[in-house]
Every structure is written in structure tokens, then in C-alpha cells.
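Enquirer: Here it is, the structure, as C-alpha cells.
Each reported figure results from applying straightforward, stated rules to the coordinates on display, with no laboratory input. A quick note: this is a predicted structure, and the numbers were derived from the prediction, not measured. A quick note on method: Cβ atoms are made from the backbone with ideal geometry, for glycine too, and the neighbour counts reach across all protein chains shown.
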Amino acid sequence: MGLLRRFSNIFRAKANKVLDKAEDPREALDLSYERQLEMLQKMRRGVADVATSRKRIELQAQQLQATAAKLEGQARQAVAQNREDLAREALTRREGLATELASLQSQHDQLRAEEAKLVEASRRLETKVQAFRTRKETIKATYTAAEAQTRVGEAISGISEEMGDVGMTVQRAEDKVAQLQARAGAIDELMASGAIEDLTGTEDRLQAELDRGASGPAVEAELARLRGELGSGPGGGRGQLTAGDGDGDGEARK
């Protein structure tokens, strides 16, 4: 039994917690106000019913009084005609009506008292309902304002958290950009120092062209020098041989 009761208490606590989250106090207040209005309407209908019963008794009493007055007139008429038997009968019936009138009067007094109580209770209840209505609207307005403030606070908190996330994202992006820039700078320095070879070969081709352009004039100068040396040597020999040949021819011509 102890374990079952504990489980029951836990279930009720959970259920109450869920209901508390799902329940809107404004709706609960409106529902309570509607129930009070229903009670007030029932009480007003009760007052109307009692008043109707009282009025019905008053009408019956008026009819009985009219009948009693008629019987009294008939008794007088019978006495005038020396018809005591008829006069006695009329008076007897009038006496019975008097008893009924007394009973109706008692009921009338009770209904009037009950009606007065119900009217007073209805007035008190109406006052309470009006006071509850005023308090209900005040509580609803306060709850709505508090709910709006809570939502604004939650929105601001959410914006703050989101801005914090955005700030962290921006910071990570800036750190990554700085890291990439530093890495690119380090690679450029290593390539410039020759520690890393440019696999694209672009730098080597450019350097080769520059080297060829720089060595062209030197090569041409060296080639001219060699040509000069060759021209002064073998050329001079050919000149001597030509001169010798000239001398031979001269001797022959002699």
C-alpha cells in the first residue's frame, strides 16, 4: 500500500505540473466568473419563482375574499327572506373560506419572508460577482503584462545568446583567416628562400629566361674575341702564303 500510494502521489504531482503548465489563469478566472453568473441567474430565477407563488396565493386569497363577501350577502338576503337554513348554509361556507384564507395568509407570509431572504442573498451575490469581475479583469491585465514582459525578456535573452553565437562564429572566422594568411606568408617566405621548390615550374622558367638574357651579350663578346683570334692567326698565314706565291710568280715572270 505504501508503494502504491507513493506512485499515486508521484503521478498526481506530475499531472499537476503538466496541468499547471497547460492551464491559463485567465481562462480559469473567466470560467469561475461564468459559474458565478450562472449561480446568480439561478438565484434570480428562484426569487422570481417565489414571487410568482406569492402572487398566485394573493390571487387565490382575493378570489376567496370575493366568494366570502358574496356568501355573506347571500346570508343577509336569506335572513331577510326568513330563510335561516339558507343563511346558515351560506355562513357555514363562508366560515370554511375564512379558514382557507387564514391558511393562504400563512403561506403568503412565509413566501414573502423567503422572497425577502432570496432578494437579499441575490443582492449580496451580485455584489460579490461584480467585485470578482473587477478583480478578475485586474488579475488578467496584470498577468497579460507579466506574460508580455516575460516574452520580451526571453526574446532579449535569445537575441543575446544568438549574438554571442554570432560573435563566436565571427571570432572563429577571423582566427581562421589570420591562420591562413600566416600560413600563406610562411609559404611565400620558404619559396623565396628556396627551402620549398615551386612545383608549377613557373619560377624556374622565368629564371632560365632571365639567365639566358643575361648571358647572351657575354657569349657574343666571347665569340667575337675568338673570331678575332682566329682571324689574326690563320688569316695572317694565308696572307704570307699568298705573298710567297706572289714572289714565286714574280720570279717566274722574271
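Enquirer: So how many Lys-Lys pairs in region 21-161 land under 29 Å Cα to Cα, not counting same-chain pairs under 8 apart?
Expert: Qualifying lysine pairs in region 21-161: 13.
Enquirer: With point charges of +1 on the Cβ of Lys and Arg and -1 on the Cβ of Asp and Glu, referenced to the Cα centre of region 27-90, which listed residue (Q63, M39, Q81) lies farthest in the positive direction of the dipole?
Expert: Going by the Cα projections, it comes out as Q81.
Enquirer: Filter the GluC sites (Glu not before Pro) in region 93-187 to those in DSSP coil with at most 13 other Cβ atoms within 10 Å of their Cβ, and list the result.
Expert: Answer by residue number: there is no such site.
Enquirer: When the dipole is taken about the Cα centre of region 71-188, and only Lys, Arg (+1) and Asp, Glu (-1) are charged at their Cβ, what size is it in debye, to the nearest 20?
Expert: 400
Enquirer: For S103 and Q179 in one chain, what is 0.36 nm times their gap in residues minus the Cα-Cα distance, to one decimal in nm?
Expert: Here the answer is 16.4 nm.
Enquirer: Can I ask one more? How high is the FRET efficiency between T150 and Y33 when r is their beta carbon distance and R₀ equals 25 Å, given to the nearest 0.05?
Expert: Efficiency for this residue pair is about 0.55.
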